[in-house]
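Everything below concerns the one structure shown next.
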Amino acid sequence: MTAWADALGFHYGTGDVEDPALPSGAPGTRAAHLRLRDGRSSLDLIDPTSFTTVDLSSDQVVTDHLDRWRRVYQGGIVVRPDGVIASRGIPHDEQSGVNGRPARRRFPR
C-alpha cells in the first residue's frame, strides 16, 4: 500500500490498515466518501467541530455507491470531528423508511 492508503485506511484501536477503496465502516476507521444524488459527498455532512450522526437511506445515494453504503452507512454511524467513525447504528430494513431522512444531528460537546 501507499502512504495515502496507510493514512486513510488506518484503524484506530487495532493499528491495522484496511484498503480505503474497500472501507469496512468499522468504528475506528475513516468515514468513506459516497456520492449523493443531490451532488454532495457524504463527507460534506460531517461537522469538523463536533460529533455528527450520519443516517442516510439508500435512495439518497447514487447507484454506483450502494455497495459502499451497505458496508459503511447502513443503519447510521456517529463520526468524530476528525472523520473517524466513533460508533455504528443498528442496520435496519432500507425499505422500512426508518431514519430515511438526511441526517445532520449533532451531539453537544
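Bear in mind these aren't lab numbers, they're just calculated from the coordinates by the rules spelled out. Computed from a predicted structure; not experimentally measured. Ideal geometry is used to build each Cβ from the backbone, glycine not excepted, and the neighbour counts take in all protein chains shown.
Would you confirm whether any residue within region 41-60 is assigned to a loop (DSSP other than H, G, I, E, B), in contact with a Leu (Cβ under 6 Å, 6 or more places away or on another chain) and not polar (S, T, N, Q)? No, region 41-60 contains no residue that is assigned to a loop (DSSP other than H, G, I, E, B), in contact with a Leu (Cβ under 6 Å, 6 or more places away or on another chain) and not polar (S, T, N, Q). Residues in region 34-47 that are out of contact with any Pro (no Cβ under 9 Å at 6 or more places or on another chain) and buried (at least 16 other Cβ atoms within 10 Å of the Cβ): 34, 42. Counting only residues that are over 17 Å from residue 41 (Cβ atoms) and crowded, with 19+ Cβ neighbours inside 10 Å, region 54-75 holds 1 of them.
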